[in-house]
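The values are calculated or read from the model by the stated rules, or taken from the named source; none is laboratory data. Note that the structure is a prediction, hence the values are computed from the model and not measured. Neighbour counts are summed over all protein chains in view; Cβ atoms, including those assigned to glycine, are modelled from backbone coordinates with ideal geometry.
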Amino acid sequence: MKKSVVIAVLGAAGFAVSSYGQGVIQFDTYAGSYNGGSIAQVSQLAGGAVVADGIFSGELYYAFGTVSDPVSATAASITQAISAQFTALPSSVTAVIGGYIQDGTQVQIPGYTATTGPITFEIGFVGSNGQIGRSGSFTESSINVLGVPATTFGANGPGPGQMLVASVPEPTTLALAGLGGLASLIALRRKQA
């Protein structure tokens, strides 16, 4: 009886400790302008025009510590997968104002505590029109933990910075192009025979 009570108390204490072992960031690239952070718009790779309202979703990636993963204005770098050292969070938001993510979603970072220190983020994008892209990495010196208002991007660091999207062909487009090339080779071979 005493043993089961002790185990139950220890389990409850462990749950309480683990529930506070999470940092909180506000997934919003616009609010920074009035909340001590920096703002960042998502722009087209070609021409730099700001992406239209509501056509893309953002996904947040993080890594503990300082990580350098720049993004350059070339299609090759944009279409590569985000570095494996980043972890994707199961939280995405949709742009609601031209080029910005702005819905104030508070995202919890598992395992982040008040003593963890720097944390690096990237934002990845998927557009409804086949565009993909990402920001470069940006490091916050610290973020708030649960029970305290969420940290805004840029409040303790440089903010998201440059965010670019590029149009890339869908996989079915590439597959159809390959089949068309194969059919052309077969037709050419038959003509020669």
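Within the range 44-54, count every residue that is touching a strand residue (DSSP E or B) at 6+ places or on another chain (Cβ under 7 Å) and in a loop (DSSP other than H, G, I, E, B).
Number of matching residues: 5.
Can you go through 57, 72 and tell me which one is more than 19 Å from residue 111 (Cβ to Cβ), of a type outside the set (Phe, Trp, Tyr), modelled with pLDDT of 75 or more and assigned to a strand (DSSP E or B)?
57
Given the residues 49, 73, 84, which is the only one that is over 20 Å from residue 30 (Cα atoms), surrounded by fewer than 14 Cβ atoms within 10 Å (Cβ to Cβ) and over 14 Å from the mean Cα position of the chain (by Cα)?
Just one listed residue meets the conditions, 73.
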